[in-house]
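Visitor: Dropping a structure here in structure tokens format, bear with me for questions.
The values are calculated or read from the model by the stated rules, or taken from the named source; none is laboratory data. Bear in mind the structure is a predicted one, so any value in this text is a computation, not a measurement. All Cβ positions, even for glycine, are placed from backbone atoms using ideal geometry, and neighbour counts span all protein chains on display. When the accessible area is computed, the model is the full protein with side chains, heavy atoms only, and any ligands, DNA or RNA have been set aside. Shrake-Rupley method; radii C 1.70, N 1.55, O 1.52, S 1.80 Å.
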Amino acid sequence: MREDLYLKDFLDRDSLRQIQLVRLRETLERVYERVPFYRRSFAERGVSPADLTCLEDLAKFPFTLKTDLRDHYPFGLFAADMSEVVRIHASSGTTGRPTVVGYTQEDIRIWSEVMCRTFQCIGITPDDVVQNAYGYGLFTGGLGAHYGLERLGCTVIPMSGGNTEKQIMVMNDFGVTVICSTPSYFLFLAEKAEEMGCPISGTKLRKGVFGAEPWSEEMRQRIESMTGIDAYDIYGLSEVIGPGVSSDCEAKCGLHIFEDHFYPEIIDPGTGEVLPPGSEGELVFTMITKQALPLIRYRTRDISRLHYDKCACGRTIVRMDRVSHRSDDMLIVRGVNLFPSQIESLLLDIEGTSPHYLIVLSRTGAMDDLEVRVEVSPELFSDEIRGLERLRNTIGQRMKELYGLSAKVSLVEPGSIERSVGKAKRVLDLRK
Ligand code: DLL
């Protein structure tokens, strides 16, 4: 146990707010002095760091968008000299240039601290043998988790993603007790382990640290019942630090934000107005201790809620709801707004489906076509045709009842939907 780091999650809220205010002021001054973009955007808003007298004053300051990072590609928003920058990571968007982020030595120290606190939240100890199957490389998952695990004192196995058969061999032979990966990759791994005749339930694995992509509560339950492990959600994004922004605790009732480093707000994505605690809206973060790339009011596009009441685990730091969708992943099908996560919850609530699915959108003339492709369980697939017919009708009916949409439901063979080693692709939109 890293008592020194652990205690930071239990500060009384007044002291925490005091710390946040001091750090926020220092950060505003830092970017104002060092980053021409911020000097300009503050001036356009008619504000300067001196206008911050309390935390709520942050609402007067302008937002930072992903496009601002792209426009200043690669290092234009850095607030540290390149001689102080010791690491670069990048996240590849779907189009164009990647978003580039940088870290000083101190940033790396803080990143390992928040990752260490993440693992402590989940109940991982130095006795654990941890298989880190997040990708090592420009993606922040691999190295981010790695440094945190070492700081905690665990035995880390730096597997990275892919090479699934070897992952299963290592898991068995090295007595792995914890795995870190995307939830979709873990499902793939569990399936492969079953095929190889060494199911996860027969290993020492007890906990999974899953994140980097949206996954539903229904998916958590499926993973836990299929494999017998405890599944935890961790959240983060490269622009803020990587993984280590927030984490489930053992009470599993929201993710604790390490708010002595990342100051959160929830805004109305339409108007930009700050919403009161408990409201659903877009998460915005200001990094109050980062040196190389402290972004002010960064708009994540991730939708969540903040809860300031004390958690059952005793932690006082704020909790956020799991991110089930982003403001920009909403599908509009024949005028109906729908998120992929809603389809995931619907599918996994029905017996006989497997957690592998794909949403395919296409167009015939002016009409949108929605196809929900889902793998069925092997037992059902080899069953008589009537069972499949019943399942297809149930899914179709629920789609109509819950979302008012008719969809073509395709029940496909186990293993036929493409598996990913990193973030899963759940939507294929052929309309564009
Ligand atoms: O995915 C960092 C990370 C690595 C988080 C490992 C957790 C574990 P990016 O590649 O920059 O960084 O992607 C960030 O992924 O804005 C969310 O939309 C999504 N995301 C990350 N974690 C979760 C999660 C990493 N637990 C983007 N639930 C974010 C839902 C998540 N979405």
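Visitor: Of the listed peptides 6-15, 191-200, what is their order by residue-averaged count of other C-beta atoms within 10 Å, with the highest listed first?
Guide: 191-200, 6-15
Visitor: Whole-Hz Karplus ³J(HN,Hα) for segment 218-235, in order, using 6.51 cos²θ - 1.76 cosθ + 1.60 and θ = phi - 60°, x for Gly and Pro?
Guide: 5, 5, 4, 5, 4, 4, 5, 6, 5, 10, x, 9, 9, 10, 10, 9, 10, 10
Visitor: Counting each pair of different Cα atoms once, what's the Kirkwood radius of segment 355-432 in Å, rounded to one decimal? Present the calculation step by step, with values, prior to reporting the outcome.
Guide: On the way: mean 1/r = 0.0731 Å⁻¹.
Value: 13.7 Å, from the Cα pair sum.
Visitor: Additional query: Given Cβ point charges of +1 (Lys, Arg) and -1 (Asp, Glu) and nothing else, what value in debye, to the nearest 20, does the dipole of the chain about its Cα centre take? Show your work: numbers first, answer last.
Guide: Working: 52 positive and 63 negative charges, 164 e Å.
About 780 debye.
Visitor: Need the C-alpha centroid separation for segment 369-396 versus segment 1-71, integer Å.
Guide: Taking the Cα centre of each part, segment 369-396 and segment 1-71 sit 51 Å apart.
Visitor: Moving to a separate point now. How much solvent-accessible surface does His146 expose, in Å² to the nearest 10, with a 1.4 Å probe and all protein chains in place?
Guide: Accessible area of His146: about 30 Å².
Visitor: So which lysines pass the test for Lys432, namely a Cα distance under 27 Å, with those fewer than 8 places away in the same chain ruled out?
Guide: Output for Lys432: Lys66, Lys400, Lys408, Lys423.
Visitor: Let me ask another. How tilted is helix 385-403 with respect to the longest principal axis of the chain? Cα atoms for both, answer in degrees (0 to 90, nearest 10).
Guide: Value to nearest ten degrees: 40.
Visitor: For the chain, take N as its residue count and report Rg(C-alpha) divided by 2.2 N^0.38 Å.
Guide: The chain yields a ratio of 1.01.
Visitor: Let me ask another. Using the Karplus curve 6.51 cos²θ - 1.76 cosθ + 1.60 with θ = phi - 60°, work out ³J(HN,Hα) for each residue of segment 69-83 in order, rounded to whole Hz, and write x for Gly and Pro.
Guide: After applying 6.51 cos²θ - 1.76 cosθ + 1.60, I find 5, 5, 5, 10, 4, x, 10, x, 9, 5, 10, 10, 5, 4, 5 Hz.
Visitor: Compute the angle between helix 36-45 and the longest alpha-carbon principal axis of the chain, please, reported from 0 to 90 degrees and rounded to the nearest 10.
Guide: Rounded to the nearest ten degrees, it is 90.
Visitor: By average Cβ neighbour count within 10 Å, what is the ranking of 390-400, 125-135 from highest down? Could the numbers behind the result be given before it?
Guide: Numbers: 390-400: 16.0, 125-135: 20.7.
Ranked by mean Cβ neighbours within 10 Å, highest first: 125-135, 390-400.
Visitor: Also, I was wondering about something else. Considering only Gln120, Thr316, Ile288, whose Cα is most displaced toward the positive end of the charge dipole of the chain, charges sitting on Cβ of Lys, Arg (+1) and Asp, Glu (-1)?
Guide: Going by the Cα projections, it comes out as Ile288.
Visitor: Could you work out, for segment 265-335, what percent of all Cα-Cα pairs fall into each 10 Å distance bin, beginning at 0 Å and stopping at the bin that holds the largest distance?
Guide: 18, 41, 31, 7, 2
Visitor: Let me ask another. Note down the accessible area of Ile385, probe 1.4 Å, to the nearest 10 Å².
Guide: 130
Visitor: Picking from Phe186, Tyr403, Pro74, whose Cα lies most toward the positive end of the charge dipole for the chain (charges on Cβ: Lys, Arg +1; Asp, Glu -1)?
Guide: Pro74
Visitor: Here's another thing I want to ask about it. Measuring from centroid to centroid over Cα atoms, what is the spacing of segment 129-167 and segment 181-250 in Å?
Guide: 13
Visitor: Loop only by DSSP, 12 or fewer other Cβ within 10 Å of the Cβ. Give me the chymotrypsin sites (Phe, Trp or Tyr not before Pro) in segment 233-314 that pass, ordered by residue number. Let's see the in-between values first.
Guide: Details: sites: Tyr235, Phe258, Phe262, Phe285, Tyr298, Tyr308; in loops: Phe258, Tyr308.
Counting only loop positions with at most 12 other Cβ atoms within 10 Å, the chymotrypsin sites (Phe, Trp or Tyr not before Pro) in segment 233-314 are Tyr308.
Visitor: Continuing with this model, one more query. Between 0 and 90 degrees, rounded to the nearest ten: what's the tilt of helix 183-195 against the longest Cα principal axis of the chain?
Guide: Between helix and principal axis, roughly 40 degrees.
Visitor: Give me the lysines in straight-line cross-link reach of Lys252: C-alpha distance below 18 Å, same-chain residues under 8 apart excluded.
Guide: Lys207, Lys310
Visitor: With a probe of 1.4 Å, find how much accessible area the chain has per residue, and write the answer as a whole number in Å². Could you put the intermediate results ahead of the total?
Guide: On the way: 18300 Å² over 432 residues.
Spelled out: the 1.4 Å probe surface of the chain, per residue, equals 42 Å².
Visitor: Put +1 on the Cβ of every Lys and Arg and -1 on every Asp and Glu Cβ in the chain; which of Ser225, Gly422, Ala366 then has its Cα farthest towards the positive end of the dipole?
Guide: Ala366
Visitor: So, one more: In segment 333-429, what percent of the accessible surface is made up of carbon and sulfur (1.4 Å probe, ligands and nucleic acids excluded)?
Guide: Numbers: 2490 of 5050 Å².
For segment 333-429, the apolar C and S fraction of the accessible surface comes to 49 percent.
Visitor: Under the Karplus relation 6.51 cos²θ - 1.76 cosθ + 1.60, θ = phi - 60°, what is the ordered set of whole-Hz ³J(HN,Hα) values for segment 108-116, x standing for Gly and Pro?
Guide: 3J(HN,Hα) across segment 108-116, in whole Hz: 5, 5, 5, 4, 5, 4, 5, 6, 4.
Visitor: Let me ask you something else. Quick one: which residues, 5+ away or cross-chain, put their amide H under 5 Å from the amide H of Arg334? H built at 1.01 Å from N.
Guide: The answer is Asp368.
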